[in-house]
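The values are calculated or read from the model by the stated rules, or taken from the named source; none is laboratory data. These numbers come from a predicted model, not from an experiment. Glycine also receives a Cβ, built like all others from the backbone with ideal geometry; neighbour counts cover every protein chain displayed.
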Amino acid sequence: MIDDSTRQLCFDGRNVPFRPGQSVGAALAAAGISSWRTTRVGAAPRGLFCGIGVCYDCLVTVDGRRSQRACMTPAHEGQVVASDDPRRALDEPGGPNA
Ligand code: FES
């Protein structure tokens, strides 16, 4: 039997455990992390809202790919997840228009 507690992803340099089948968003929420990006206007914190891929509030960078929905992205061992900074230009390396 595999010990689920040994499965971890890395979020902003912090190890976050997850269970098989969990999304990145679920893993972050279970670890007590409730926000991982801010809005362009007002820098309001954002994290999970709808949890079903509709609202796009949960955008995060996953393995260098920006603007991934944390609630729809399956967690994987060794995955590198970073909070999203909306002030970064879209054509920066790793951006969707690069
Ligand atoms: S929480 Fe709404 S799209 Fe992810």
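Here are the numbers for the structure shown:
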item: First in the stretch 2-24 and at positive phi and exposed (fewer than 11 other Cβ atoms within 10 Å of the Cβ), second anywhere and in a loop (DSSP other than H, G, I, E, B) and at pLDDT 95 or above, Cβ under 9 Å, 6 or more apart; result: Gly21/Ala75
item: Subset of the stretch 59-78 (residues that are among the basic types (Lys, Arg) and either crowded, with 20+ Cβ neighbours inside 10 Å or part of a loop (DSSP other than H, G, I, E, B) (or both)); result: Arg66, Arg69
item: Of all residues in the stretch 31-58 being surrounded by 14 or more Cβ atoms within 10 Å (Cβ to Cβ) and more than 8 Å from the ligand (Cβ to nearest atom), the one that is farthest from Gln8 (Cα to Cα); result: Thr38
item: Failed item in (1) loosely packed, with under 15 Cβ neighbours inside 10 Å; (2) touching a strand residue (DSSP E or B) at 6+ places or on another chain (Cβ under 9 Å); (3) modelled with pLDDT under 95, with Pro86 passing the rest; result: (1)
item: Enumeration of residues in the stretch 6-29 that are small (Gly, Ala, Ser) and farther than 12 Å from Ala70 by Cβ; result: Gly13, Gly21
item: Single residue of the stretch 1-51 satisfying the filter (part of a helix (DSSP H, G or I) and over 14 Å from Thr73 (Cα atoms)) that is modelled with the lowest pLDDT; result: Asp4
item: Residue list for the stretch 61-76, filter: within 13 Å of the ligand (Cβ to nearest atom), touching a Leu at 6+ places or on another chain (Cβ under 8 Å) and under 14 Å from Phe11 (Cβ atoms); result: Gln68, Ala70
